[in-house]
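Inspection log for the structure reproduced underneath, given as structure tokens.
The values are calculated or read from the model by the stated rules, or taken from the named source; none is laboratory data. Just so it is clear, the model here is predicted, and its values are computed rather than measured. FYI the Cβ positions are ideal-geometry reconstructions off the backbone, even for glycines, and counts take in every protein chain you see.
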Amino acid sequence: MAKGPQKYPGASTAYWYGRKYPGSAMESNVGVLHTTEGRSVPSYGGGASAPNLTALPDIKGRRLRWYQHFDIDRSSRALVNRSGGVETNTLNALQVELVGTCDERHAETWSGKKAGVDYLFWPDAPDWALAELGKFVRWCHDNHGIKMSSPLTWKPYNKGQRGGSYGANGVRLSGSQWLNFYGWCGHQHVPENSHGDPGDIDMARVLAHARGTADEAPDDEGSDDADGDTYVVRAGDTLSSIARAHGTSWQYLAGANGICPPHTIHPGDTIKLK
């Protein structure tokens with residue numbers, strides 16, 4: 001049944017679970033992104049809840065280190081799959097865990113560690129990380145036909161808050177929608193599941209990298225005016241990334257600019273910094 005290469009080039013098989021959990025044969029046509037909500041490759045209960053692959057950010061090296069746990073066209077185990085419901089793990093879903101977090105509580109710091117330095121807050125992922133993920137998306141398209149598309153809304157996490165991506169979030173697919181979905185989605189979109197990861201990751205930018213249409217990455221310093229009092233938003237920016245670049249907090253910028261939850265900004269917006 002499998003068509004095309006079953007190992008992502010360069011991926012380590014140091015944590016291979018295919019022998020212990022052989023899974024079901026499938027023909028991958030959907031990609032599902034998760035975040036691990038941790039800072040290292042998980043044990044996944046010895047493989048009992050493992051995805052097909054895990055991507056570990058090498059922040060200093062500006063690349064993703066890939067670990068493969070199951071073949072591309074074998075079912076993995078990171079989704080809830082209720083008895084009597086629609087198939088999730090086994091319905092042609094290629095699953096990828098991104099090491100890091102989508103929880104806004106860790107947007108800047110986490111147990112003494114700094115976002116962007118010690119771990120990634122994926123909704124604010126730097127462009128190199130989105131480009132690396134885009135390479136994987138492109139490879140999956142070229143070798144397995146997974147569509148480079150995601151006609152879905154990716155909601156911020158905000159666990160426990162109305163409007164967040166956890167639980168019944170308004171973007172989770174119904175059983176019939178899931179059966180007819182092709183392309184890329186997040187854990188927050190999968191039926192029978194309640195998790196909200198990977199939050200509002202910039203999937204549009206990932207897909208632009210995959211298609212080769214991404215414009216030049218924003219400068220780390222941003223687009224400031226002459227006095228440094230304002231900043232013009234560019235593609236890929238978030239309030240947190242702007243705040244980190246200018247030595248302030250996203251909460252201050254949100255208040256100073258009257259930006260309400262879910263704190264959405266758009267390219268071309270002018271942000272007051274002082």
Inspect segment 4-19 for any residue being under 11 Å from D73 (Cα atoms) and modelled with pLDDT under 95 and give the result as yes or no. yes
Just a yes or no: is a residue in segment 75-82 in the same structural domain as V137 (by TED's automatic domain parsing), among the β-branched types (V, I, T), under 19 Å from the mean Cα position of the chain (by Cα) and surrounded by 23 or more Cβ atoms within 10 Å (Cβ to Cβ)? no
Would you please name the residue that is surrounded by the most Cβ atoms within 10 Å (Cβ to Cβ), looking only at residues in segment 29-48 that are polar (S, T, N, Q) and out of contact with any Lys or Arg (no Cβ under 9 Å at 6 or more places or on another chain)? T35
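Can you tell me which residue among G4, G47 is farther than 28 Å from L152 by Cα and not basic (K, R)?
Details: G4 fails: farther than 28 Å from L152 by Cα.
Exactly one residue qualifies, and that residue is G47.
Which of the helices (runs of 4 or more DSSP H) found entirely inside segment 162-274 contain at least 1 residues meeting this: touching a Gly at 6+ places or on another chain (Cβ under 7 Å), modelled with pLDDT under 85 and surrounded by fewer than 19 Cβ atoms within 10 Å (Cβ to Cβ)? Quick ask: steps written out before the conclusion?
Numbers: elements: 175-179, 203-211, 239-245, 250-257.
Qualifying helices (runs of 4 or more DSSP H): 239-245.
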Given (1) surrounded by fewer than 18 Cβ atoms within 10 Å (Cβ to Cβ); (2) assigned by TED's automatic domain parsing to the domain that holds A204; (3) of a type in the set (V, I, T), where does T13 come up short, assuming only one miss? (2)
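Matching residues to (1) over 12 Å from the mean Cα position of the chain (by Cα); (2) of a type in the set (A, V, I, L, M):
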site	(1), (2)
L130	no, yes
C140	yes, no
N143	yes, no
I146	yes, yes
N158	yes, no
S165	yes, no
A168	yes, yes
G183	yes, no
